[in-house]
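Structure, as structure tokens:
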Amino acid sequence: QGLIILVLMVVISRFSDIRFGFGWGDRQVGWFYVRVIALVYLGFIVVSTLIILLTRSYPGFPYPLTTRNLLGHFGFQALLTGPVEELIFRAFAMTMLGLMISGVVVPGDSGFGRVTLKIFGGQISVVNLIAAVIFGLAHVRFTLFPFSAEYVLGQVIFSVFIGLFYGVCYERSGSMIYPMIMHSIVNVGTTGATLIASLILG
């Protein structure tokens, strides 16, 4: 999916004025958001791991904890999942939504995502909100025959909220690179916390 979207983005940007934030953008803004997510998520991981340990509610790994399995899982989370999802849900979705809603096609420009809503005391663009909701729904497993939807409500809600944060970073930095790094930090942190709980409780 990520490769298809990447090729589509390259073709679109080559033959139009649409930019998807391939460069580093505003480095100061981007690295600020990366630092914030790293610190906040570190605190979240410490607290959630303590809760898991105290309640012994560890979900477990679906495979044996061999070196090969763990390296593969960590590599997948760090190098594929986050970057691919940010290509799809931030770089592509938000840029195309920005084009449709506000007519601005370059993230980082002052007009990108200019149609905003007041949420939690701050301004969140409609573009960001729609992309974050779609990102949350992407964490629901749908089947058509028979129709069913399997989800963990907390994971869907968390995905929407963190998607909003990734989106703000994308809009303000003008780069997809920082949300990719942030996403990888969150995924690797979650996997690491699960591993720690597994080693202690296993």
- Item | Amide H contacts under 5 Å for Ser125, placed H, 5+ residues apart | Leu117
- With θ set to phi - 60°, apply the Karplus curve 6.51 cos²θ - 1.76 cosθ + 1.60 along the range 47-56 and write out the HN-Hα couplings as whole Hz, x wherever there is a Gly or Pro. 5, 5, 5, 4, 5, 4, 5, 5, 8, 6
- Query: Going by alpha carbons, how many degrees (0 to 90, nearest 10) lie between the helix axis of 67-76 and the longest principal axis of the chain?
  - Reply: 20
- Item | Selected from Glu150, Glu85, Glu171 as most flexible by GNM, with the chain as the system and alpha-carbon contacts under 10 Å | Glu150
- What is the dipole size for the range 1-76, taken about its Cα centre, with +1 at each Lys and Arg Cβ and -1 at each Asp and Glu Cβ, in debye to the nearest 20? 140
- Averaged per residue, the 1.4 Å probe accessible area of the chain, protein heavy atoms only, in Å², is roughly 57
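With only Lys, Arg, Asp and Glu charged, each at its Cβ (+1 for the first two, -1 for the last two), find how big the charge dipole of the chain is about the Cα centre; round to the nearest 20 debye.
My answer is approximately 160 debye.
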- Item | In Hz, Karplus ³J(HN,Hα) per residue of the range 5-12 (6.51, -1.76, 1.60; θ = phi - 60°; x = Gly, Pro) | 5, 4, 4, 4, 5, 4, 5, 4
- Springs between alpha-carbon atoms under 10 Å, Gaussian network over the chain: tell me which of Tyr178, Tyr151, Tyr170 tops the mean-square fluctuations. Tyr151
- Task: Pairs of Cα atoms under 8 Å, at least six residues apart: use those to get the relative contact order of the chain, whole percent.
- Result: 36
- Query: What per residue convex hull volume, in Å³, comes out for the chain when only alpha-carbon positions are used?
  - Reply: 154
- Task: Extending each Cα 7 Å along its Cβ direction at Arg141 and Val11, get the distance between those two points in nm, one decimal.
- Result: 3.3
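The values are calculated or read from the model by the stated rules, or taken from the named source; none is laboratory data. Because the structure is predicted, anything quoted here is derived from the model rather than measured. We place every Cβ from the backbone using ideal geometry, glycine too, and count neighbours over all the protein chains shown. Surface accessibility is based on the protein's heavy atoms, side chains included, excluding ligands, DNA and RNA. Shrake-Rupley method; radii C 1.70, N 1.55, O 1.52, S 1.80 Å.
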